[in-house]
Amino acid sequence: MRLATIRTTDGTRAVKLENDRLVDLGAPDLGAFLAHAEWATRAGAATGPTYAVDGADFAPLVPNPSKVLCVGHNYTNHIKEMGRELPEYPTLFPKFADTLAGANDPIGKPQETRALDWEVELVVVIGQPVRRATEPEAAAAIAGFTVMNDISVRDWQFRTIEWTQGKIWDSSTPVGPYLVTPDEVGGVRPALRVRTIVDGRIMQEDNTGTLLFDPVELVRYASTIIRLNPGDLIATGTPAGVGHARDPKVYLVGGETLVTEIEGVGACTNKIVEES
């Protein structure tokens, strides 16, 4: 099953992909829809108005999650390219709703940076409330997966030892287009190819099966710290190939087209534009 949030002339709507149509799920967005305890049953039985897939305007998958947690240093190759030791525990930092963008939205290059970078990430979408989850409870709380491009402002990120200031720029992080349920991608610990393509050139390529901390472990760990609510997002980290770690470094200057894709889940396609 594939679910999304689209923009319409009457506001955003939660929808389900069915062949070449998007079926209205009777909720203003996917976060509101996932708040229903029986959301999966409701989605399966949905018979609302439909919209064409072709030309659909995808909003951020969950426009207003109660939290977005991101994981740094979770692919072995990326940890090595950044010159770090393998962590004992997940490295967490937050994003906010205002940071998110739609899967195909243009991304503004902030005028304050000369070090804009890309990061493809598999994202866990939470489907039920969970706190201090056991492993089975953590697995059951995963509604599905989506794609994120964790656009990073590197010169601000590394001003201090705390990364958040380089990760939360307004409308900088595309996420979507679809939530794909675990049954379509091999379960809650999927092994899927992830790639970033910049103007036709493959810059990142790896497999989610090599994650140091897998989706179930991340839900278990994060829920120990704070309650996770339906619609919350956990970005699981990025593989090697970021521009900042290259020699010489490669940054986005404006005009590039970025495709961040995950096998079986989908892709975000975004044009980098000068921020007005």
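Ordering 249-260, 175-186 by mean Cβ neighbour count within 10 Å, with the highest value first, yields 175-186, 249-260. Counting neighbouring Cβ atoms within 10 Å and putting the fewest first, the residues Trp163, Trp118, Trp39 line up as Trp163, Trp39, Trp118. Annotation: extensible slack from Glu205 through Glu85 equals 41.1 nm (criterion: 0.36 nm per residue apart, minus Cα-Cα distance).
Here is the tail figure for the range 197-265: Cα pairs spaced more than 19 Å apart come to 51 percent of all pairs.
Charge dipole (Cα centre; +1 on Lys/Arg Cβ, -1 on Asp/Glu Cβ; no other charges) of the chain amounts to roughly 360 debye. With the charge dipole of the range 1-59 set up from +1 on Lys and Arg Cβ and -1 on Asp and Glu Cβ about the Cα centre, the Cα lying farthest toward the positive end among the listed residues Ala40, Leu25, Phe58 is that of Ala40. Using only Cα atoms, find the angle between the long axis of helix 215-225 and the longest principal axis of the chain, and express it within 0 to 90 degrees, rounded to the nearest 10. Roughly 90 degrees, rounded to the nearest 10.
Could you compute the FRET efficiency for Ala191 and Gln111, with r as their C-beta to C-beta distance and R0 at 45 Å, rounded to 0.05? Show your work: numbers first, answer last.
On the way: r = 40 Å, r/R0 = 0.89.
Calculated value: 0.65.
Pairs of Lys residues in the chain are counted when their Cα atoms are under 15 angstrom apart and they lie 8 or more places apart or on different chains; the count is 5. Phi angles of the range 111-128 translate, via the Karplus equation with coefficients 6.51, -1.76, 1.60 and θ = phi - 60°, into HN-Hα couplings of 5, 7, 10, 10, 9, 8, 9, 10, 7, 6, 9, 6, 10, 8, 10, 7, x, 7 Hz per residue; Gly and Pro are given as x.
Under a Cβ-only charge scheme (Lys and Arg +1, Asp and Glu -1), can you give me the dipole magnitude of the range 1-59 about the Cα centre, in debye to the nearest 20? Please report the intermediate quantities before stating the final value.
Numbers: 6 positive and 8 negative charges, 23 e Å.
Here the range 1-59 has a charge dipole of around 120 debye.
Under the rule a/c < 1.5 gives rounded, and otherwise a/b versus b/c splits prolate from oblate, where does the range 1-59 land using the Cα gyration tensor? Could you put the intermediate results ahead of the total?
Numbers: a/c = 1.97, a/b = 1.31, b/c = 1.50.
Judged from the Cα gyration tensor, the range 1-59 comes out oblate (a/c at least 1.5, b/c at or above a/b).
Once you reduce the range 53-83 and the range 196-218 to the center of their Cα atoms, the two points are 11 Å from each other.
None of the figures in this text is laboratory data; all of them are computed from the coordinates on show. Quick caveat, the model's predicted, so the values are computed rather than measured. A quick note on method: Cβ atoms are made from the backbone with ideal geometry, for glycine too, and the neighbour counts reach across all protein chains shown.
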